[in-house]
Amino acid sequence: LHNHGFWRPKPLLDTARFTLSFNSWHRKSHQDSQALWKHEAVQKYLETLSKEYQQVSHQLSADSLNDFEQRALRRRCADLSPIAAAFQEIKEAEREVQELEAMCTELDSRDEKQLLELALEEKKSLDKKMNMLCRKLFQLLVPKEKYDRSPVILEVTAGRTTGGDICQQFTKEMFEMYQSYADYKRWTFDIVNYTPAEIGGLHHAAAHISGENVYRHLKYEGGTHRVQRIPETGMSSRMQRIHTGTMSVIVLPQPEEVDVKVDPKDLRIDTFRARGAGGQHVNKTDSAVRIVHLPTGLAIECQQERSQQMNKEIALRTLRAKLYQQVIEKQLSQEQSARKLQLGTRAQSERIRTYNFTQDRVTDHRISYDARNIKEILSGKEALDKLINRLLEFAEIEAVTQYLENLQALEGGG
């Protein structure tokens, strides 16, 4: 624990050692938290942390420590304590499962059928508890993203397709889905920009979403979403012909304090009349604002408020967030082992999810996961939350797995 009297705490999962991405999920998509828990490398790693916790706890009682060492030990103890507790809790639950399985093998006679059913029911409950405890443990192990607690700017843009307004209609449905999801999570959803299509759909929209852990839940929504459906009107509807369209989602974290200086000389500010629903003022006042950042070509529009000044302030705030985003992306690209965060990068070419209306199925291609009942998912409530949490769980599993693989390679001299 000591190296010449100087305390050097070992990191938990060192974020510089692995890349969190969906690229290798196809080879691990069969795994869940319990399957990863049983991995030999995971057990070895957790045993090491558990022993370290015991050593640190013991070391804290020593009288020879100076104030600096005491503080360092307490910090390390605070890091390890919940992990050690969760580790022991899972071990205890695992023993219960083993005892129950042993009892089930003995309950095979007809007279004990009812008792066997009860035991199997209890085992099912314990398995559910085990999975929950493993998920909790891996959440403790995986470092929190720097921006997980940040509010976000969420943008939706319709793709282009021949033969109608399927993309615009789908874009509108998706934007409303995220609006409903924000309400379900008790977040605040403020529309910054809204550009409707002529036939009731949506070309582009943006919203500022704030609340608890907004970016954590929405960071993997960024990308291309594909829709397959039979249009409700037109020749294709009569011929029962399926059309395919796309829309893209961009999710930008917006830290509370965005320290990006913008020179007023680098801005071109235009005003225009607001479009879409909004009351009688819409076509009478030039309240909408467009700000163009000349050095980068970034253009931000805002028509949320009746006041031109307020729209200007919102647009400037969004512009700073996007410029800050570019700084982050530049930093990450310079770090060889940086994690691939979904920070509105232009990796929109690969579809992340398909919404097949004719088969009533939503497929997330990154984790090979199918969910039924598109209407439930588009309602933006429990079904969408379940899908998003599934993504988060796979991300945690991938992070732990890849870290341990790298650790094994280092230990083996690879």
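The values are calculated or read from the model by the stated rules, or taken from the named source; none is laboratory data. These numbers were taken from a predicted model, which means no experiment stands behind them. As a convention, Cβ positions derive from the backbone with ideal geometry for all residues, glycine included, and neighbour counts pool all protein chains shown. In case anyone asks, the SASA skips ligands and DNA or RNA and just uses the protein heavy atoms, side chains included. Shrake-Rupley method; radii C 1.70, N 1.55, O 1.52, S 1.80 Å.
Each residue in segment 42-93 was checked for being over 27 Å from Asp32 (Cβ atoms), polar (S, T, N, Q) and open to solvent by less than 40 Å² (accessible area, probe 1.4 Å), and 1 of them qualify. State which residue is surrounded by the fewest Cβ atoms within 10 Å (Cβ to Cβ) when the search covers only segment 169-198 and only residues that are closer than 20 Å to Thr224 by Cβ and free of Cβ contacts under 8 Å to residues at least 60 places away in the same chain. Here the answer is Ala197. Return the residues of segment 181-206 that are modelled with pLDDT under 95 and part of a loop (DSSP other than H, G, I, E, B); say none if nothing qualifies. Selection gives Ala197, Glu198, Ile199, Gly200, Gly201.
When Asp165 is tested against (1) in contact with a helix residue (DSSP H, G or I) (Cβ under 8 Å, 6 or more places away or on another chain); (2) in the same structural domain as Phe394 (by the TED database), exactly one condition is not met: (1). In segment 207-231, the residue that is nearest to Asp148 (Cα to Cα) out of those that are in a strand (DSSP E or B) and open to solvent by 10 Å² or more (accessible area, probe 1.4 Å) is Ser210.
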